[in-house]
Amino acid sequence: MKQTKIVFLWILAVQLMGCGQENSIKTIRLAHGLDVNHSVHKAMVKMGEDMKELSHGKLRIEIYPSQQLGTEREILELIQLGSLDMTKVSVATLENFAPKTRILGLPYLFEDREHAFEVLDGPIGQSLLDNAEQFRLKGLGYYDAGFRSFYTEHEPIKSPDDLKGLKVRVMESITAMDMVKSLGGSPTPISWGELYTSLQQGVVDGAENNPPSFYLSRHYEVCPYYALDEHTFSPDVLIVGTQFWDKLTQEEQNWVDTAVKKSLQHQRILWAESEAEALREVKKAGVEISYPNKQPFKEMTQDMYKAYEDDPELNRMIQEIKSLAD
């Protein structure tokens, strides 16, 4: 099934490229897995509008949301093949392709949102984006995806002890799986599109994500407990394939860069609004929102940092990140 889907998308991509060439318009084919009401999708729509204006119609974006063209992992594979041009992926998914980015998924790495974006918008964040280029993936910047927290179906999470034995959905990320294991849970990778049904059928007991994703996915209909332990700040990364990027002229690359910067800043404003709305609406729907003491969660996940002590470069980055919070 997967191979058939890839072949179909390859044919579609070739057809779309042909149409763009005939009209002397370069079309950026952008696919992602989020709902059209998500702040990232709205920011991508703005990016397309800005790019069209900057280029006087010579560059345009076609957006395929809601996993229309596959999961995040499948979309990244298509971009590496040159069958798609651009996407947004969680850094947790990106770590499977650009391993150094896995440090951004370490629990309690960032003190707060301000600390996170000081790192992401600075030299460390840029270095991690640059590192992905050797894997045919060029990072353009970071969207705000907030802090991830646990939500469950049957009992609230008040301490790490409450996670013992629970099957918790995680992304396809070794770092995310290690984090849940360190807290006593049983990590279960499931694609985002299949999670609602998996929660309904009891395949998993809960999951972890940020407030807007919890709300827009309607997972609150199945999981009435949301514990804001805020274990990780996992940004979304805007990615363009190097095959596509290298075909752009310097002027076209400048148009893209300018539109991307506007999109990132616009999304971060939308994110703050959507986060407040999400918490307000799920509470109105009957979700019990709690704020557990984070210290026990921090203590139980600290061993994950020891795995980086033998990697001088990544260990140095981690220490630099921590120093910026002081």
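Looking at (1) open to solvent by 40 Å² or more (accessible area, probe 1.4 Å); (2) outside any loop (DSSP other than H, G, I, E, B), which one does Gly286 not meet, given that it meets all the others?
With respect to (1) open to solvent by 40 Å² or more (accessible area, probe 1.4 Å); (2) outside any loop (DSSP other than H, G, I, E, B), Gly286 is out only on (2).
Would you point out which residue out of Glu275, Glu320 is surrounded by 17 or more Cβ atoms within 10 Å (Cβ to Cβ), out of contact with any strand residue (DSSP E or B) (no Cβ under 7 Å at 6 or more places or on another chain) and touching a residue at least 60 places away in the same chain (Cβ under 8 Å)?
Exactly one of Glu275, Glu320 is surrounded by 17 or more Cβ atoms within 10 Å (Cβ to Cβ), out of contact with any strand residue (DSSP E or B) (no Cβ under 7 Å at 6 or more places or on another chain) and touching a residue at least 60 places away in the same chain (Cβ under 8 Å), namely Glu275.
Just to be sure I understand the filter: pairs with C-beta atoms under 7 Å, separated by 6 or more residues or on different chains, first member in the stretch 292-311 and in a loop (DSSP other than H, G, I, E, B), second member of a type in the set (Gly, Ala, Ser) and open to solvent by less than 30 Å² (accessible area, probe 1.4 Å). Which pairs pass?
Pro292/Ala227
Which of the residues that make up the stretch 163-174 are touching a residue at least 40 places away in the same chain (Cβ under 8 Å) and either open to solvent by 10 Å² or more (accessible area, probe 1.4 Å) or among the charged types (D, E, K, R) (or both)?
Correct list: Leu166, Met171, Glu172, Ile174.
Only one of these is of a type outside the set (S, T, N, Q), farther than 26 Å from Ala276 by Cα and without any contact (Cβ under 8 Å) to a residue 60 or more places away in the chain: Glu114, Glu77, Glu53. Name it.
Glu53
When you scan the stretch 147-161, do you find a residue that is under 20 Å from Glu74 (Cα atoms) and assigned to a helix (DSSP H, G or I), even just one?
no
Quick one: Gly184 ticks every box in (1) touching a residue at least 24 places away in the same chain (Cβ under 8 Å); (2) within 20 Å of Pro292 (Cα to Cα); (3) crowded, with 20+ Cβ neighbours inside 10 Å bar one, so which box is it?
Exception for Gly184: condition (3).
Would you mind telling me which numbered condition in (1) crowded, with 22+ Cβ neighbours inside 10 Å; (2) part of a strand (DSSP E or B) Leu199 fails?
Condition (2) is where Leu199 drops out.
The values are calculated or read from the model by the stated rules, or taken from the named source; none is laboratory data. The model shown is predicted, which means the values in this text are computed figures rather than measured ones. Here the Cβ is made from the backbone with ideal geometry for all residues, glycine too, and neighbour counts use every protein chain on show. Accessible surface areas use protein heavy atoms only, side chains included; no ligands, DNA or RNA. Shrake-Rupley method; radii C 1.70, N 1.55, O 1.52, S 1.80 Å.
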